[in-house]
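In what follows, a structure is listed as structure tokens, so that the remarks can point back to it.
The values are calculated or read from the model by the stated rules, or taken from the named source; none is laboratory data. These numbers come from a predicted model, not from an experiment. No Cβ is skipped: glycine too gets one built from the backbone with ideal geometry, and neighbour counts run over all protein chains shown. Protein only, heavy atoms only, side chains kept; ligands, DNA and RNA dropped before computing areas. Shrake-Rupley method; radii C 1.70, N 1.55, O 1.52, S 1.80 Å.
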Amino acid sequence: MKLIIDCDPGVDDAIALLLALASPELEIVGISNVAGNVSLERIQKNTRQICELAGHPDAKVYPGCARPLLRPLATAEEVHGASGLGGVTLPEPTMAVQPTHGVDFLIDTLMNSAGDITLATLGPLTNVAIALIKEPRLVGKIPHIVLMGGSIGQGNITPSAEFNIYVDPHAAHVVFSSGIPLTMIGLNATHTVMSTPDRIDRIRANDNAASLAAADLLTFYGKDERDHLKLPGAPLHDPCVIAYLIQPDLFEVHPYHVEIEITSSSSMGRTIVSKAEGSDVDNGTHPANANVVLRADAAGFYDLLTQRLATL
Ligand code: BDR
Ligand code: CA
């Protein structure tokens, strides 16, 4: 499968990149960055550090948008650490960032493709929305977007909204109303794959550099949830997107209509999921526009992640 990954590393983005770079089924055409968890500058550094950790200094990393469409950038250093890769100190990257802007990379690569490149998004949807606005014919060239974002229920950055959608709800609105086949992996799904201490220990036991770094990242990432929220570990959001592409049978999905709240200040960025049964919900007035992942097989997910990290 040919794949472009748009991301904002970020601890869980980093684990997702390691999983993708360890997976022979995936041909990673390029990685575009978008501001989100930390500043774009740090994200570009983090992305290259992770590619080098995975033994892929040949990966193509493109700088994308440094801020959302309309709103000021909200970041998440309290979750990911000041660097965005809390828990590890990796060597300065030596590989270069590509000279092309991420939005132009998306447009040029997808328009020149045979319509066979899947898009995985792990951060705010700013780059994808701007690409769609600049080149509307992209709609016919993207067979599938698998995105981490949203929630059927509770949010995580506000009671109503999940972080990636909240940071750029207007971009999310553009993408969810584009007509491109979407799979949405939201908090309800990622909360079924908690990085508990025993799962982190299994990753650490691989005893290679990538797995040791992954275990340290996950230990840092889980601290807040374990100490304050009394969860057994951190929900592991972004790697679900890559795992879904590799092994979709680990996930239960259902077609729904998803609308993005872009007017209410208290619910800004909420994903309103119409939960009627069938692919045409609300008697056809709101046709389904996304396959929404409901839950994951956590044991299968951690087996896959642990086994793939062992190969790096
Ligand atoms: C999402 O927000 C970010 O902080 C994570 O990297 C993930 O993409 C989870 O809400
Ligand atoms: Ca992310």
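Computed quantities for the displayed model
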| quantity | calculated |
| --- | --- |
| Residues of the stretch 145-172 satisfying the condition of being over 24 Å from Thr118 (Cβ atoms), away from ligand 2 (no atom under 13 Å from the Cβ) and among the β-branched types (Val, Ile, Thr) | Thr158 |
| Residue that is hydrophobic (A, V, I, L, M, F, W, C), touching a residue at least 12 places away in the same chain (Cβ under 8 Å), in contact with a Gly (Cβ under 6 Å, 6 or more places away or on another chain) and surrounded by fewer than 19 Cβ atoms within 10 Å (Cβ to Cβ), where the choices are Val139, Val167 | Val139 |
| From the options Gln49, Gln44, residue that is away from ligand 1 (no atom under 14 Å from the Cβ), among the polar types (S, T, N, Q) and within 21 Å of Ala215 (Cβ to Cβ) | Gln49 |
| Scan of the stretch 52-86 for residues that are more than 16 Å from ligand 1 (Cβ to nearest atom), among the charged types (D, E, K, R) and more than 26 Å from Lys134 (Cα to Cα), ordered by number | Glu52, Asp58 |
| Residue in the stretch 117-132 that is surrounded by fewer than 19 Cβ atoms within 10 Å (Cβ to Cβ) and of a type in the set (Gly, Ala, Ser) present | no |
| Within the stretch 262-275, tally of residues that are open to solvent by less than 40 Å² (accessible area, probe 1.4 Å), closer than 18 Å to Asn188 by Cα and in a loop (DSSP other than H, G, I, E, B) | 2 |
| In the stretch 6-43, residue nearest to ligand 2 (Cβ to nearest atom) [restricted to those that are surrounded by fewer than 23 Cβ atoms within 10 Å (Cβ to Cβ) and polar (S, T, N, Q)] | Ser39 |
| Options Leu73, Leu69; residue that is away from ligand 2 (no atom under 16 Å from the Cβ), open to solvent by 20 Å² or more (accessible area, probe 1.4 Å) and at pLDDT 95 or above | Leu69 |
| Verdict on Ala243 being in a helix (DSSP H, G or I) and either closer than 26 Å to Gln307 by Cβ or open to solvent by 20 Å² or more (accessible area, probe 1.4 Å) (or both) | yes |
| Flag if Asp216 is open to solvent by 10 Å² or more (accessible area, probe 1.4 Å) and either part of a loop (DSSP other than H, G, I, E, B) or free of Cβ contacts under 8 Å to residues at least 12 places away in the same chain (or both) | no |
| Hits in the stretch 1-22 (condition: within 16 Å of ligand 1 (Cβ to nearest atom), out of contact with any Pro (no Cβ under 8 Å at 6 or more places or on another chain), part of a helix (DSSP H, G or I) and among the hydrophobic types (A, V, I, L, M, F, W, C)) | Val11, Ala14, Leu18, Ala20 |
| Residue match in the stretch 94-104 (condition: within 16 Å of ligand 1 (Cβ to nearest atom) and within 21 Å of Ala22 (Cβ to Cβ)) | no |
| Among the residues listed as Lys223, Lys230, the single one being open to solvent by 50 Å² or more (accessible area, probe 1.4 Å) and assigned to a loop (DSSP other than H, G, I, E, B) | Lys230 |
| Hits in the stretch 142-155 - residues which are buried (at least 20 other Cβ atoms within 10 Å of the Cβ) and in a loop (DSSP other than H, G, I, E, B) | Ile142, Gly149, Gly150, Ser151, Gly155 |
| Candidates Ile246, Ile242, filtered to the one that is hydrophobic (A, V, I, L, M, F, W, C) and either within 16 Å of ligand 1 (Cβ to nearest atom) or within 19 Å of Arg204 (Cβ to Cβ) (or both) | Ile242 |
| Where Gly55 falls short, out of the listed (1) on the phi > 0 side of the Ramachandran plot; (2) surrounded by 18 or more Cβ atoms within 10 Å (Cβ to Cβ) | (2) |
| Number of positions in the stretch 176-213 that are part of a loop (DSSP other than H, G, I, E, B) and not charged (D, E, K, R) | 13 |
| Which numbered condition Pro255 fails, given (1) more than 27 Å from Ala290 (Cβ to Cβ); (2) touching a Ser or Thr at 6+ places or on another chain (Cβ under 9 Å); (3) without any contact (Cβ under 8 Å) to a residue 40 or more places away in the chain | (1) |
